[in-house]
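Since the structure comes first, as structure tokens, the remarks are kept for the end.
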Amino acid sequence: MLTKKQYELLVYIDSHLKETGVSPSFDEMKDALGLRSKSGIHRLITGLVERGFLHRLPHRARALEVLRLPENFSEQPIRRRKTPADSFEPNIIHGDFKLSGATIAKTDSEATELPLYGRIAAGTPIEALHDQSTMISVPVDMLGIGDHFALEVDGDSMIEAGILDGDTVVIQRSDNADNGSIVVALVDDNEVTLKQFRRKGHSIALEPANKDFETRIFGPDRVKVQGQLIGLIRKY
């Protein structure tokens, strides 16, 4: 059984897909349901995915597929309310990036301990923390080959990629990254941030997944990849 908001969001997404052929943005969904925060939309989508009503299509931004509708489905779609922001189109990434194989942990079965280095800003970069005295339990089937560590997210610049303030991200150590992957990047040897990595010619772009934040462009000698995101742990 769906909650009222889950039902409303599912009907709105289905209607938007039928009318436009593309998924609505997080802002459109937030406005349609009258919510104040896009984190609420993410939680609703996660619940619909877990219940088998929605599917996130990989490697595509804003890509949702409606798998089924509830038995009490009504043909009356939820219409998006117009806002002053409708005429504004920011020149940045909209988000909904695939989390590079990331998995939200739901079980404590067969876990291992990883060092929890501290909080990493998903908004403004902060100085890296290297305290290995704190450990966190992580399901072993989340991990790949090599060394791993965990960081707690501080900020909401990656919210449209499904990464919320207070989440714990699991990072696989690596000094390189594929275009479009979400990485922990060391900037100028003293700042660390969690962003989408993209090479643009001889420059490197660190892109947020939130229209309220700007993409930062650096020379290649200023950015060092520390690892790639492979998992996400959330406490409710």
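For this structure, a couple of remarks:
- Scanning the stretch 187-198 for residues that are in a strand (DSSP E or B), at pLDDT below 90 and not β-branched (Val, Ile, Thr) yields one hit, Glu191.
- Residue in the stretch 64-80 that is assigned to a loop (DSSP other than H, G, I, E, B), closer than 26 Å to Asp212 by Cα and modelled with pLDDT of 75 or more present: no
- Residue that is open to solvent by 40 Å² or more (accessible area, probe 1.4 Å), within 17 Å of the chain's Cα centre (by Cα) and basic (Lys, Arg), where the choices are Arg36, Arg51, Arg43: Arg43
- Counting only helices (runs of 4 or more DSSP H) that fall entirely inside the stretch 1-52 and contain at least 1 residues that are over 22 Å from Asn210 (Cβ atoms) and of a type in the set (Val, Ile, Thr), the qualifying elements are 4-20.
- Search result, residues across the stretch 174-225 that are closer than 22 Å to Ser25 by Cβ, crowded, with 17+ Cβ neighbours inside 10 Å and among the β-branched types (Val, Ile, Thr): Ile182
- Test set (1) within 24 Å of Pro208 (Cα to Cα); (2) open to solvent by less than 50 Å² (accessible area, probe 1.4 Å); (3) at pLDDT below 80; (4) part of a strand (DSSP E or B) - Pro115 fails condition number: (1)
- Yes/no for Gly227 being touching a strand residue (DSSP E or B) at 6+ places or on another chain (Cβ under 7 Å), in a loop (DSSP other than H, G, I, E, B) and among the small types (Gly, Ala, Ser): no
- Pick from the stretch 202-215, criterion assigned to a strand (DSSP E or B) and within 21 Å of Gly162 (Cβ to Cβ), ranking: farthest from the chain's Cα centre (by Cα): Ala205
- Residue under evaluation Ala185, criteria (1) over 24 Å from Pro139 (Cα atoms); (2) small (Gly, Ala, Ser); (3) in contact (Cβ under 8 Å) with a residue 60 or more places away in the chain, criterion not met: (3)
- Looking across the stretch 153-177, the residues that are touching a residue at least 60 places away in the same chain (Cβ under 8 Å) and part of a loop (DSSP other than H, G, I, E, B) come down to Asp156, Met158, Gly162, Ile163, Leu164, Asp165, Gly166, Asp167.
The values are calculated or read from the model by the stated rules, or taken from the named source; none is laboratory data. Remember, it's a predicted structure, so these values are computed and weren't measured experimentally. Neighbour counts are summed over all protein chains in view; Cβ atoms, including those assigned to glycine, are modelled from backbone coordinates with ideal geometry. What goes into the accessible areas is simple: the full protein's heavy atoms, side chains included, and nothing from ligands, DNA or RNA. Shrake-Rupley method; radii C 1.70, N 1.55, O 1.52, S 1.80 Å.
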